[in-house]
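A.B. asks: Before we start, here is the structure in question, set down as structure tokens.
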Amino acid sequence: MKPENLSVTEGANPVRLFWLATISAFMIVSQSVMAQAQSAPSSFSSLAERVSPSVVNITTSTMVAGRTGPQGIVPEGSPFEDFFREFQNPNGDPEGDRPRRSSALGSGFVVSEDGYIVTNNHVIEGADEITIEFFSGKELDATLVGTDPNTDIALLKVEADEPLSFVKFGNSDDSKVGDWVMAMGNPLGQGFSVSAGIVSARNRALSGTYDDYIQTDAAINRGNSGGPLFNMNGDVIGVNTAILSPNGGSIGIGFSMASNVVTKVVDQLKQFGETRRGWLGVRIQDVTPDMAEATGLASTDGAMVSDVPDGPAKDAGMKSGDVIVSFDGKPVTDTRQLVRIVGNTEVGKAVRVVVNRNGNTETLLVTLGRREETSEAVPASQEQSTPEAPATKDIMGLTLSPLTAELRSELGLAESAKGLAVTDVDPASEAYEKGLREGDVITEAGQAEVLSLNDLEDKISEARDAGRKSILMLVRRGGDPRFVALTIEDN
């Protein structure tokens, strides 16, 4: 029976009331379902308009050593060699090798009305001058407040005549896979461009000790570095840092350092001009199933202490072989998580550390030191007393050489730059197909720093022994990082 066929009287007809209630409930449920189905934004225009005044373009200027000649543009001895030499030095200046200025582009965003600006460390690293361009077209010179290479974050400051528009950090832990996000920045030097997508993965670890990346399919290209990743409330939940790309452009996998990591770094840079991370003073490794079985542990959760040098943990009675299962009230799942928790804890704080020792649980009270003041802050690979002599070797279609002072000068790199310089690429190689070119610098392989040819060969061997078919390399070009996966050749 249809509702319109019901008899209607002046009184409260029970049947009529039943149908009215049923129809109302159905409409409410339908509207709720439709609202959920329409949760995708119809437009990002209002959000982009609201946050644009707080996003900036960053231009840096660096004085680098000059160079003359074709520098590999054409083969030595080619009939075109003189032409390219004249092209690079049209005035025939005998001082053509004199120092010259090199510029780079990046992005950033204002986080306070008094002019603090967040960007990536690699955007401003080694810069002599830093210029900030606002959405209005206004330009201001910026000073460097501090940097944290471990998270690739830098804090800048500009002096403005009036309060600046700024954006706030959101809680990156609230972001879920599938949430809509919007990236804004200066991709490929185009300036103030917007791209949108979703959070495609969380808690990515790429290469650093304190990594916590948000992976997104929002288009991120060179020049986006240092720009913000927004949620739909207009809060910054990440700082766009790197892309995983086979050809140097966005293929839908971008990485943004999570805001909950960035905010702690920014607060310390603002207060101290440097980071001050907690230091426990142990060497640790993940617990494997074999180790758990041998020590009688119920699971592989925790971090096994392999060494206890002089420091806070030793003073508190920690021993080699202890398995740290809880730190300052937080359960420990693995070494990566423990390092992050310790690093985010206040220097000088006394914390309770629960360890499993010979099948028994013990609680130790440890007063944390400062990591930056210890030798542990220096990666083991940098503690080698005898550096490898300069050499060149062909690996995976790449001709590689450890960075020397001469190579740094030729490539316009900072004196602190480390890694392997690409001096040639086989045009028939996979590396060439995936965009690697002469002048690129490989700084990491298999998520570990590489300072020598032996380092790279060791990481390739480790990956091969582990049964992996390819190895992930972090490649820097003009300061911009990107990840490239290359197939491991059989022995």
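A.B. asks: Show the residue pairs that are 6+ apart or on different chains and have beta-carbon atoms under 6 Å apart, the first residue being within region 178-190 and under 16 Å from Val123 (Cα atoms), the second being among the small types (Gly, Ala, Ser) and at pLDDT 90 or above.
C.D. replies: Between residues of region 178-190 that are under 16 Å from Val123 (Cα atoms) and residues that are among the small types (Gly, Ala, Ser) and at pLDDT 90 or above, the close pairs are Met184/Gly227; Gly185/Ser107; Gly185/Gly227; Asn186/Ser107.
A.B. asks: Give Ser416, Ser409 a once-over and let me know the one that is modelled with pLDDT under 85 and surrounded by 14 or more Cβ atoms within 10 Å (Cβ to Cβ).
C.D. replies: Of the residues listed, the single one that is modelled with pLDDT under 85 and surrounded by 14 or more Cβ atoms within 10 Å (Cβ to Cβ) is Ser409.
A.B. asks: Could you grab me the full set of residues in region 309-328 that are touching an Asp or Glu at 6+ places or on another chain (Cβ under 8 Å) and among the aliphatic types (A, V, I, L, M)?
C.D. replies: Within region 309-328, Val325 is the sole residue that qualifies.
A.B. asks: Has region 319-328 got any residue that is assigned to a loop (DSSP other than H, G, I, E, B), surrounded by fewer than 21 Cβ atoms within 10 Å (Cβ to Cβ) and within 28 Å of the chain's Cα centre (by Cα)?
C.D. replies: yes
A.B. asks: Is it the case that some residue within region 117-125 is in contact with a helix residue (DSSP H, G or I) (Cβ under 7 Å, 6 or more places away or on another chain), closer than 24 Å to Arg222 by Cα and surrounded by 17 or more Cβ atoms within 10 Å (Cβ to Cβ)?
C.D. replies: Yes, region 117-125 has at least one match.
A.B. asks: So, in region 181-238, exactly how many residues are part of a loop (DSSP other than H, G, I, E, B) and small (Gly, Ala, Ser)?
C.D. replies: Number of matching residues: 11.
A.B. asks: OK, next. Just to be sure, is Gly226 of a type outside the set (D, E, K, R), under 28 Å from Ser103 (Cβ atoms) and modelled with pLDDT under 90?
C.D. replies: In short, no.
A.B. asks: Let me ask something additional. Is there a residue being at pLDDT 90 or above and either part of a loop (DSSP other than H, G, I, E, B) or over 27 Å from Ile130 (Cα atoms) (or both) anywhere in region 244-264?
C.D. replies: no
A.B. asks: Additional query: Take Ser193 and tell me if it is modelled with pLDDT under 95, in contact with a helix residue (DSSP H, G or I) (Cβ under 7 Å, 6 or more places away or on another chain) and surrounded by 24 or more Cβ atoms within 10 Å (Cβ to Cβ).
C.D. replies: no
A.B. asks: What pairs come out if I take residues in region 444-457 that are on the phi > 0 side of the Ramachandran plot and pair them with residues that are buried (at least 18 other Cβ atoms within 10 Å of the Cβ) whose C-beta lies under 8 Å away, six or more apart or interchain?
C.D. replies: Pairs that qualify, where the first residue is on the phi > 0 side of the Ramachandran plot and the partner is buried (at least 18 other Cβ atoms within 10 Å of the Cβ), are Gly446/Lys459; Gly446/Ile460; Gly446/Ile471; Gly446/Leu472; Gln447/Leu206; Gln447/Ser207; Gln447/Leu472.
The values are calculated or read from the model by the stated rules, or taken from the named source; none is laboratory data. Please read all numbers here as calculations on a predicted model, not as lab measurements. Using ideal geometry, Cβ is built from the backbone for each residue, glycine included, and neighbour counts are taken over all protein chains shown.
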